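The values are calculated or read from the model by the stated rules, or taken from the named source; none is laboratory data. Here the structure is a predicted model, which means the values were calculated and not measured. All Cβ positions, glycine included, derive from the backbone under ideal geometry; neighbour counts span all protein chains shown.
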Amino acid sequence: MEFDEAMLKKPFVPSLIISVAPAILFWFFTKIHNLLYLNIQMILLYYDFFIMKYNKEIIVTVSYLFRIKVDEKYLLVYNSKYDMEMYQPVGGKYKIFSFGYEKLKELGVNFKGDDQMDKDKSTENDIRGIILGKNIFKFIEWFESGKGREISVEREFREELIQSKILDIKVFPYANVVFCDSKIFYKNEDPYHKKPIFKYFEVFDIKLNDQQTDFIRNLSDKKEKKYIKLSEREIKHIQSISRGVSTNHPKLADDNLSAIL
């Protein structure tokens with residue numbers, strides 16, 4: 001085999017740098033963009049809670065959501081806790097225990113349960129309540145510590161998918177979950193409670209094996225009472241035409257869906 005001496009003399013390192021530079025630059029600017037977005041969001045929250053709503057009551061909720069996606073369609077379940085057709089991602093609010101209230105008091109946070117919400121056994125001890133705006137970051141600090149609150153995300157998976165018989169427990173003996181992201185949604189006034197509302201979501205992907213993927217794929221694409229499968233395009237279309245308008249389309253839990261898309 002003959003070698004071209006001119007080729008051997010070509011500078012290898014500069015060529016390598018040129019070839020990988022676009023990937024490095026893309027990674028760098030992506031990181032900068034994400035950091036700027038996160039910091040700007042936190043700065044705006046800090047301004048709103050520490051200046052505009054320092055001693056005002058706000059509603060806080062903390063939930064976990066599952067992103068279950070097969071063939072570009074998301075599996076959504078019917079929310080039976082409300083007298084309306086509302087489909088949302090599988091998931092629900094974390095629970096707080098007595099030790100959690102104690103830890104919050106140690107941080108100087110008075111967390112009051114939301115008395116305006118209809119409660120039953122399924123919503124008892126949900127992390128949904130009222131705090132003062134100045135305590136929002138202490139509240140998040142407590143939640144992220146994991147002390148005195150529910151850690152596992154298995155409960156809602158079993159209640160909404162296994163006990164409802166949407167999925168077969170033989171095929172889905174447990175949920176193989178991977179944490180993806182935290183999302184924050186904030187509104188200046190919740191239409192029902194007439195107070196600002198702060199929603200904190202943790203989003204998990206469910207890793208499916210081939211058998212589980214086929215099982216979900218074979219679920220009907222038609223709207224069922226218990227569940228529905230929709231693509232991102234279909235979800236956004238329904239959201240765009242349904243806000244404040246009565247339509248024949250299924251009602252969707254907008255914030256929950258926006259968190260997983």
Quick check on the range 174-182. Is at least one of its residues out of contact with any helix residue (DSSP H, G or I) (no Cβ under 6 Å at 6 or more places or on another chain), part of a loop (DSSP other than H, G, I, E, B) and either surrounded by 14 or more Cβ atoms within 10 Å (Cβ to Cβ) or on the phi > 0 side of the Ramachandran plot (or both)? no
Which pairs have Cβ atoms under 9 Å, sit 6 or more apart or on different chains, and link a residue in the range 47-61 that is under 11 Å from residue 132 (Cα atoms) to one that is outside any helix (DSSP H, G or I) and small (Gly, Ala, Ser)? 59/129; 60/129
Exactly one of (1) modelled with pLDDT of 90 or more; (2) within 26 Å of residue 45 (Cβ to Cβ) is unmet by residue 169. Its number? (2)
Test for residue 159: is it of a type in the set (D, E, K, R), assigned to a loop (DSSP other than H, G, I, E, B) and surrounded by fewer than 16 Cβ atoms within 10 Å (Cβ to Cβ): no
Considering each of 229, 236, 222 in turn, give the residue that is of a type in the set (Lys, Arg), outside any helix (DSSP H, G or I) and surrounded by fewer than 18 Cβ atoms within 10 Å (Cβ to Cβ). 222
The residue that is nearest to residue 86 (Cα to Cα), considering only those in the range 191-219 that are surrounded by fewer than 16 Cβ atoms within 10 Å (Cβ to Cβ) and touching a residue at least 60 places away in the same chain (Cβ under 8 Å), is 192
Candidate set: the range 184-213, residues that are among the basic types (Lys, Arg) and modelled with pLDDT under 90; chosen: the one nearest to residue 68 (Cα to Cα): 187
Being exposed (fewer than 13 other Cβ atoms within 10 Å of the Cβ), touching a residue at least 40 places away in the same chain (Cβ under 8 Å) and either of a type outside the set (S, T, N, Q) or farther than 16 Å from residue 64 by Cα (or both) is true for just one of 150, 106, 102. Which residue is that? 102
Identify the single condition in (1) touching a residue at least 24 places away in the same chain (Cβ under 8 Å); (2) over 19 Å from residue 205 (Cβ atoms); (3) loosely packed, with under 14 Cβ neighbours inside 10 Å; (4) not acidic (Asp, Glu) that residue 169 does not satisfy, given that it satisfies every other one. (1)
